[in-house]
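My questions will all concern the structure given below.
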Amino acid sequence: MIRILKNGLLLAVFCALSLMVQGMMTGTVAHAAYDLTQTSLRYSSSGSNGDESTFILSYESVPHYGVYANRAPHGEYLVHNDIDGGTNDFSYDYDGETYTIYMGDGMTQKISYDADCNMMYVEDLVDDADSGTYEYDDNSGSYVNYGSGHHILSQVAALITNGYSLGDSFTAYTAANGNREFTVIEYPEEQSSSNLPSKWYKMTNESDSDDWIAFTYNSSNGVYTMYHPDGDGGIEKYSYRRFLSDTKLQVLELGSDSTGFGSPTGIYIKWSDREFHTEDDSTQIIKYITDGMLIFKNQCLH
């Protein structure tokens, strides 16, 4: 054991580092072990692209992407963003002329678009008063039915006017949440909520909310169960991990991983660059992930 108390310099460095970590926290906590059920914690590390960023370690409810498995009537394609838990999403069918839009419990609109006139013709299946011709309004930047005053959602209009299809991504303004990036994916197959925890610890890039990894922790054996978005509107459990020490990590890969976050099964060693590498340096783990896991282990466990 290192006898830090016999070395005044080491003690001073340790105290300074502790103050730095506390200064990056959200809120003030007087004790050494931070309670993530009451506050979040910020730390600096390297993101998925290698750039230095600030990350947020938090404890939160899991946004069950299985919300799309409620089996209400839906379209073949889902227009989805990863941030709002489905609030601004919609699904649709397209027969080459007409878009059938689904939201909530089922079909809401049938829309055809005349690009030459820049007009949309809408059959509103919820309120017939909102059916009719929708013209583009320069002031609001949206398509408006001047008879009813009803607007077409910007993400719906963007899909239709640009002819986006499966695999395309685009940005649209949402009234409640501002600009959001949407991606057209196939409507997800049913995902059982039993495959996901109700809450987890999440590490999120403060400047890029799509850059995140989450985990649950089993205090009886020290195992972290790792989760990430799978790119198809779902969440994937991709790895089991356990620290053998602060510089040695045991990894068990779960199946195939096409998104790049998974690491092959084996023992990973923390090198001088403070990243965890396999002993032959064939693979290394993205730094913010292991940094967050270590902060949780050393600062958040009571």
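The values are calculated or read from the model by the stated rules, or taken from the named source; none is laboratory data. Everything numeric in this text was worked out from a predicted model, so none of it was measured. Ideal geometry is used to build each Cβ from the backbone, glycine not excepted, and the neighbour counts take in all protein chains shown. Side chains included, ligands, DNA and RNA excluded: accessible areas come from the protein's heavy atoms. Shrake-Rupley method; radii C 1.70, N 1.55, O 1.52, S 1.80 Å.
How much FRET efficiency would the formula 1/(1 + (r/R0)^6) give for K199 and N221, where r is the Cβ-Cβ distance and R0 is 22 Å, rounded to 0.05? Don't skip to the answer; put the middle values down first.
Details: r = 19 Å, r/R0 = 0.87.
That gives a FRET efficiency of 0.70.
Quick one: ranking R241, R42, R180, R274 by accessible area, 1.4 Å probe, largest first, what do you get?
Of R241, R42, R180, R274, the descending order of accessible area is R274, R42, R180, R241.
Continuing with this model, one more query. Can you tell me which lysines have their Cα less than 16 Å from the Cα of K202? Leave out same-chain residues fewer than eight positions away.
By straight Cα distance, K202 reaches K237, K287, K297.
So what J values fall out for the range 273-287 if you push phi through Karplus, 6.51 cos²θ - 1.76 cosθ + 1.60 with θ = phi - 60°, rounded to Hz, Gly and Pro as x?
7, 6, 9, 8, 10, 5, 4, 8, 6, 7, 8, 9, 9, 3, 5
Calculate one ³J(HN,Hα) per residue across the range 238-243 by plugging θ = phi - 60° into the Karplus curve 6.51 cos²θ - 1.76 cosθ + 1.60, and present them in order as whole Hz with x for glycine and proline.
10, 6, 10, 9, 8, 7
Any idea how far apart D210 and Q284 come out in nm if each label point goes 7 Å out from Cα toward Cβ?
Placing both labels 7 Å along Cα→Cβ, they lie 2.5 nm apart.
Within 12 Å, Cβ to Cβ, of F276, how many net charges do the neighbouring residues add up to if Lys/Arg are +1 and Asp/Glu are -1?
That works out to -1.
Right, here's the next one. In straight Cα distance, which aspartates and glutamates are under 13 Å from K270, not counting same-chain residues fewer than 8 positions off?
D246, E279, D280, D281, D291
How far is it, in nm, from the label point at L166 to the one at L254 when both lie 7 Å from their Cα along the line to the Cβ?
The two pseudo-label positions are separated by 2.7 nm.
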